[in-house]
Amino acid sequence: MDGLVKRYGAFTAVGGMSFRVEAGDFFGFLGPNGAGKTTSINSIVGLVHATSGSISVFGHDNVREWREARRLVGLAPQEYNFDRYLSIRDVLLYQAGYYGISHRSVRARVDELLERFGLKEWASKDYLKLSGGMKRRLTLARALVHSPKLLILDEPTAGVDVELRLELWSMLRALNAEGLTIFLTTHYLEEAEELCRNIGIVRAGKLVALKPTTELLASGDSLQDVFLELTRR
């Protein structure tokens, strides 16, 4: 991301933000509500057109080469937005279709994801039959069905219990260990502290910190203390 600016009329949601996430990183993108996190994410995935600046996804400009850039990104949103009339399996099959992947060629991938995220026995059910934890797993599976190189997670453990949160952490660590680059936003600062190797903190559309997690915590303060100091200045 290089000099990203997004304005809505007189309001500047993102004011010239620049940073780089290395391939294979587990990156935390933190900030209070209204700091510009969602606008930045939506700019990366193409849901928002930047006022100025540029974004490159593994070398592909996400405006000039938007098809190539989109194929490399999987987004797991905070809100559930599944088609209530589709089975769990069809949710994944239809998602693959958005990337031009035929049902025949993606079936093995869908079976793999259903197995990996503990959804196989529910494959023929509609998502309304799933618990909150299973819906979170389905959100991850759907984001991964086209085998992206970058996974963007927006509050992936919001509203789940402690046991499921730890289970999801384990899944995310495994995905990252396999080489998947993960870009995480979360209000659970202990989550970022536990999972992320590098962290960017934003306030009022500006990047106020970008450091390895170990450096942010080098003073002995918790990430919560560091976060509050940086976002309340």
(request) For residues that are in a loop (DSSP other than H, G, I, E, B) and more than 12 Å from LEU92 (Cα to Cα), scanning just region 121-143, find the one that is modelled with the highest pLDDT. (result) LYS125
(request) Kindly provide the set of residues from region 158-171 that are free of Cβ contacts under 8 Å to residues at least 40 places away in the same chain and either touching a helix residue (DSSP H, G or I) at 6+ places or on another chain (Cβ under 7 Å) or surrounded by 14 or more Cβ atoms within 10 Å (Cβ to Cβ) (or both), ordered by number. (result) GLY159, VAL160, LEU164, ARG165, GLU167, LEU168, TRP169
(request) Those residues that are more than 20 Å from HIS187 (Cβ to Cβ) and touching a residue at least 60 places away in the same chain (Cβ under 8 Å), I need them from region 25-44; list them, please. (result) ASP25
(message) List pairs: first residue in region 203-227 and on the phi > 0 side of the Ramachandran plot, second residue of a type in the set (A, V, I, L, M, F, W, C) anywhere in the structure, Cβ distance under 8 angstrom, at least six positions apart or on different chains.
(response) ALA204/ALA35; GLY205/ALA13; GLY205/VAL14; GLY205/MET17; GLY205/ALA35
(message) Any residue that is within 27 Å of ILE55 (Cα to Cα) and touching a strand residue (DSSP E or B) at 6+ places or on another chain (Cβ under 8 Å) - is there at least one of those in region 123-131?
(response) no
(message) Take PHE27 and tell me if it is under 20 Å from ALA209 (Cα atoms) and surrounded by 18 or more Cβ atoms within 10 Å (Cβ to Cβ).
(response) yes
(request) Being in contact with a strand residue (DSSP E or B) (Cβ under 7 Å, 6 or more places away or on another chain), within 21 Å of GLY179 (Cβ to Cβ) and of a type outside the set (S, T, N, Q) narrows it down to one of ALA69, ALA13, ALA35, so name that one. (result) ALA69
(message) Condition first: in the same structural domain as GLY46 (by TED's automatic domain parsing) and under 28 Å from VAL110 (Cα atoms). Can you find one or more residues in region 211-228 that meet it?
(response) no
(message) Pairs needed: first member in region 9-24, of a type in the set (Phe, Trp, Tyr); second member anywhere, surrounded by 14 or more Cβ atoms within 10 Å (Cβ to Cβ) and assigned to a loop (DSSP other than H, G, I, E, B); C-beta distance under 6 Å; at least 6 residues apart or different chains.
(response) PHE19/MET1
(request) State all residues of region 33-62 that are of a type outside the set (Ser, Thr, Tyr), on the phi < 0 side of the Ramachandran plot and surrounded by 16 or more Cβ atoms within 10 Å (Cβ to Cβ); if no residue qualifies, say none. (result) ALA35, LYS37, ILE41, ASN42, ILE44, VAL45, VAL48, ALA50, ILE55, VAL57, HIS60, ASN62
(message) Can you say whether GLU65 is surrounded by fewer than 17 Cβ atoms within 10 Å (Cβ to Cβ) and under 17 Å from CYS196 (Cβ atoms), as far as the supplied structure shows?
(response) no
(request) Would you please name the residue that is surrounded by the fewest Cβ atoms within 10 Å (Cβ to Cβ), looking only at residues in region 179-233 that are over 21 Å from SER18 (Cα atoms) and of a type in the set (Gly, Ala, Ser)? (result) GLY220
(message) Which count do you get for residues in region 45-68 that are within 17 Å of TYR99 (Cα to Cα) and either outside the structural domain of ALA23 (by TED's automatic domain parsing) or touching a residue at least 24 places away in the same chain (Cβ under 8 Å) (or both)?
(response) 3
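The values are calculated or read from the model by the stated rules, or taken from the named source; none is laboratory data. All of these numbers come straight from a predicted model, not from anything done at the bench. As a convention, Cβ positions derive from the backbone with ideal geometry for all residues, glycine included, and neighbour counts pool all protein chains shown.
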